[in-house]
Amino acid sequence: MSLTAGIVGLPNVGKSTLFNAITNSQVLAENYPFATINPNVGVVEVPDERMDEIVKLFHPKKVINTTFEFTDIAGLVKGASKGEGLGNQFLANIRQTDAIIHVVRCFDDPDIEHVEGSVDPVRDIEEINLELCIADLDTVENRLAKVIRKAQTKEKDAVQENETLQKLKEALTAGTPVRLIELSDKDKEYLKNYSLLTAKPVIYVANMSDEEVSQPEQNAYFQSVKKLADSEGSECIAICAKMEEELSGMEKDEKKAFLEDLGIQTSGLDQIIKAAYHLLGLRTFFTVGEPECRAWTFRQGMKAPQCAGIIHSDFEKGFIRAEIYSYEDLMEYKNETALKEHGKIRLEGKEYLMQDGDIVFFRFNV
């Protein structure tokens, strides 16, 4: 299930440094605008403590975790919607992503240039949002030009789509991202056809200094970003991108000890990966055994046969039933024999809605 989050922001806010940390790779991350020209894509494992516990019980020969994809996108500047800087390329690249990781600078450093000449994360956010709104407005107006003519003939579908487009136009003209306006189910159906940039869900990442990241609430820049994120119903995560890049080169135990010394429970990277995964409605089920323990990604709301199809299309075609128990029950009873004795292994059919943390064995016949 290939879904990707695009890392965006103004130049020199720490996007490529964050990407280096995410992928543990060395993409170009120099201190000047447009160092990132071509989008870089990295696939990372989704951290899941449940797999660590499952492995302790089954001792498999092979372990496979779920993954998530991040794209590092060229820095945007004012006028991008009109082609300034690398604007056209930026907009094309972000259009291909499913969610946005919006990195903003929340630290002062005279040695690192800011394209606007000063640090103001809310201004930076509004600047990018405005550019995306302008680009979306252009898309909406182009579509309106075609739909209005049909709507004038009272064609029912065109009349309804015209109403949706007019609602979108009004919001975008006011600089309001589409994700923040109230839409009917019918509006959302039309929305799927437009690939609007401001309709994508957002996570704000406040890039801070290593001295402040353990207590972000004491940073005024972070407070302003958090307030904005809360008003949108979005998530705000504090990180130090440079520190995360250093952490990415450490062994697991070394990394854990380093974070504990700083009084940090979970790395910023792990928070971002998990948040992006869940933001897109992604969940995890497990298949277990001595040969292999594997985590599989599915969308919330998928039924058992669809999830069987994620493993192999034949599993969905010939689905008979699923034998399922929960991760929580496994942690309580420790093995499948005890789970059976206590009636914790269920037989589920074609209408069963899969749950996050389900451990499953699919029975099928082709």
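Leaving ligands, DNA and RNA out of it, report the carbon-plus-sulfur percent of the accessible area of region 225-315 at a 1.4 Å probe. Mind showing how you got there, number by number?
Details: 2020 of 4380 Å².
After summing per-atom areas, the C and S share lands at 46 percent.
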**Study point:** Contact order normalised by residue count of the chain, Cα under 8 Å, 6+ apart, percent
**Key:** 19
Practice item. Note the full-extension length gain between residue 95 and residue 49 as 0.36 nm times their separation in residues minus their Cα-Cα distance, in nm to one decimal. Key: 13.3 nm
Check your understanding: Once both labels are modelled 7 Å past Cα along the beta-carbon direction, what's the residue 152-residue 115 spacing in nm?
Key -> 4.0
Check your understanding: R0 = 22 Å: FRET efficiency of residue 338 with residue 64, Cβ-based, nearest 0.05?
Key -> 0.30
Check your understanding: With contacts defined as alpha carbon pairs under 8 Å and 6 or more residues apart, what's the relative contact order of region 102-196 in percent?
Key -> 26
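Quick check on the chain: helices-only [θ] at 222 nm, where DSSP H runs of length 4 and up contribute -39,500 (n - 2.57) each and the sum goes over total residues. Nearest 500, please.
-12500 deg cm²/dmol
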Check your understanding: Which one, (i) 21.7; (ii) 20.4; (iii) 17.9, gives mean projected area of the Cα convex hull in nm² as derived from the coordinates shown?
Key -> (i)
**Study point:** Distance-filtered residues of region 334-352 - backbone nitrogen under 16 Å, label point 7 angstrom along residue 365 Cα→Cβ
**Key:** 349-350
Exercise for review: Enter the accessible area per residue of region 127-192 (Å², integer; probe 1.4 Å; all protein chains in place).
Suggested key: 58
Exercise for review: Mind ranking 320-331, 97-108, 150-161 by how tightly packed they are, going by the mean number of other C-beta atoms within 10 angstrom, highest first?
Suggested key: 97-108, 320-331, 150-161
Study note, to complete from the structure: Projecting the Cα atoms of 247, 8, 288 onto the charge dipole of the chain, where Lys and Arg contribute +1 and Asp and Glu -1 at Cβ, the residue farthest towards the positive end is 288
Exercise for review: Pop a pseudo-label 7 angstrom from the Cα along the beta-carbon direction at both residue 251 and residue 266 and give the gap in nm to one decimal.
Suggested key: 2.6
**Study point:** Distribution of pairwise C-alpha distances over region 127-192, 5 Å bins, in %
**Key:** 4, 19, 28, 24, 15, 7, 2, 1
Review point. Per Stokes-Einstein, at 4 °C and 1.567 mPa s, what whole-number D in µm² s⁻¹ belongs to region 301-364, with the Kirkwood radius over Cα pairs as the hydrodynamic radius?
Key: 108
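The values are calculated or read from the model by the stated rules, or taken from the named source; none is laboratory data. The structure presented is a predicted model; accordingly, all values stated were derived computationally and were not measured. As a convention, Cβ positions derive from the backbone with ideal geometry for all residues, glycine included, and neighbour counts pool all protein chains shown. These accessible areas exclude ligands, DNA and RNA; they are computed on the full protein's heavy atoms, side chains included. Shrake-Rupley method; radii C 1.70, N 1.55, O 1.52, S 1.80 Å.
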